[in-house]
Amino acid sequence: QVQLVESGGGLVQPGGSLRLSCVVSGRTLAFYSMGWYRQAPGKQRELVARITPGDNTNYTDSVKGRFTISRDNAKNTVYLQMNSLKPEDTAQYYCNRAADSLWSWGQGTQVAVSS
């Protein structure tokens, strides 16, 4: 049974930063491409950042240059550093595999960007 536990969200002013963490249990993280997803109210969940087992990364256009995904396989943890946050980044953030076949979703962590 895979468990995903996200943390690090909060309320931040525009231009601020947050670092999200996702601890994966029940699988060896090193074998998987992982992603950070977000879902804003009334919108579909979208993949915003992806990292491969070889640490290749890619990002959706709206977060390029502002977000950085990374991983620590020894800690079975994936991170998302978010800088220059904008109100449109407000959403529930989740991690999961970056693949067609996903694990069960965790609770996510809420990010709110507002002045």
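Looking at the chain, the accessible area is 52 square angstrom per residue; that uses a 1.4 Å probe and ignores ligands, DNA and RNA.
Go ahead and run the numbers for FRET between residue 1 and residue 107, Cβ-Cβ distance against an R0 of 22 Å, rounding to 0.05.
For residue 1 and residue 107, the calculated efficiency is 0.90.
The distance between label points at residue 40 and residue 19 comes to 2.7 nm (points 7 Å beyond Cα on the Cα→Cβ vector). Mean separation of Cα pairs under 8 Å and 6 or more residues apart, divided by the residue count, gives the range 10-59 a relative contact order of 25 percent. Under 5 Å from the amide H of residue 86 lie the amide H atoms of 15, each residue being 5 or more positions distant or on a separate chain, with H modelled from the backbone and absent for Pro and chain starts. Using only side-chain charges placed at the Cβ, +1 for Lys and Arg and -1 for Asp and Glu, the dipole size of the chain relative to its Cα centre rounds to 60 debye.
Just the number, please: carbon plus sulfur as a percent of the accessible area of the chain, 1.4 Å probe, no ligands or DNA/RNA counted. The partial results should precede the final answer.
Numbers: 2640 of 6020 Å².
Roughly 44 percent, rounded to a whole number.
Spin-label model, residue 114 to residue 70: label points 7 Å out along the Cα-to-beta-carbon direction sit 3.1 nm apart.
For the chain, the relative contact order comes to 37 percent (Cα pairs under 8 Å, sequence separation of at least 6).
Applying 1/(1 + (r/R0)^6) with R0 = 22 Å to the Cβ-Cβ distance of residue 28 and residue 60 gives a FRET efficiency near 0.25.
The values are calculated or read from the model by the stated rules, or taken from the named source; none is laboratory data. Note that the structure is predicted; figures quoted are calculated from it, not measured. Neighbour counts are summed over all protein chains in view; Cβ atoms, including those assigned to glycine, are modelled from backbone coordinates with ideal geometry. Just so you know, the surface numbers come from the protein's heavy atoms only, side chains and all, with ligands and any DNA or RNA stripped out. Shrake-Rupley method; radii C 1.70, N 1.55, O 1.52, S 1.80 Å.
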